[in-house]
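First up is the structure itself, then whatever we jot down about it.
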Amino acid sequence: MLVYSDYRALSHPLILRKRAEQEPHAELFAAYPAGETLYFTAELDRALMARSAFLVFVRDDDGAVFRVEMKASAPLPLTAWDRYTCRVALGELCTEAGDGLFYYRLEAETVYGRLYSHGSDTEEEATLSDSAEYTGAFQLLVYREEYTTPEYLGRGVMYQIFVDRFFRGG
């Protein structure tokens, strides 16, 4: 095993995946019903020598924080990756409203100290940094299962105008 003096020397230190229990082939960026259970898998480069890993969710509306411990599973054979997994019941994250927008990231305790994932939902590979700022956190949208779209919305075109874009554009 290679040992690095700086974790930034690792080209791809983290792969983070999620899958839904009810719809295992759902898109990585999909919205999920509140009754769904998601399974997260994090594969950390073994050179990080991670001792523990957590997923940390922050609810957008009130800033409530939820930490979910990930369990270490058997090392991946013939690879340089350590695998951590956890199960998240989405109903437990939501308030009485039963829905919400969440930002989440991985936190890992390593020989380099606590490292935080930074990435986007456009790819599974994320970077790690010692910065605790929530830049580049992944997003998770949870909706109420009983919600139905009003009929009139299916018969027209809807536009969203970003007024701030007009202001900045001159």
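What follows draws every value from the coordinates through simple rules; no lab data is involved. All values derive from a computational prediction rather than experimental measurement. Methodologically, a virtual Cβ is constructed for each residue, glycine included, from the backbone with ideal geometry; neighbour enumeration extends over all protein chains shown.
Extension gain for ARG67-GLU109 works out to 13.7 nm (0.36 nm per residue, less the C-alpha to C-alpha distance). Peptides 77-90, 39-52 ranked from most to least packed, by the mean per-residue count of other Cβ atoms within 10 Å: 39-52, 77-90.
Computed from the C-beta positions of ASP130 and GLU151, the FRET efficiency with R₀ = 35 Å rounds to 0.10. Between TRP81 and GLN139, the contour length at 0.36 nm per residue exceeds the alpha carbon distance by 18.4 nm.
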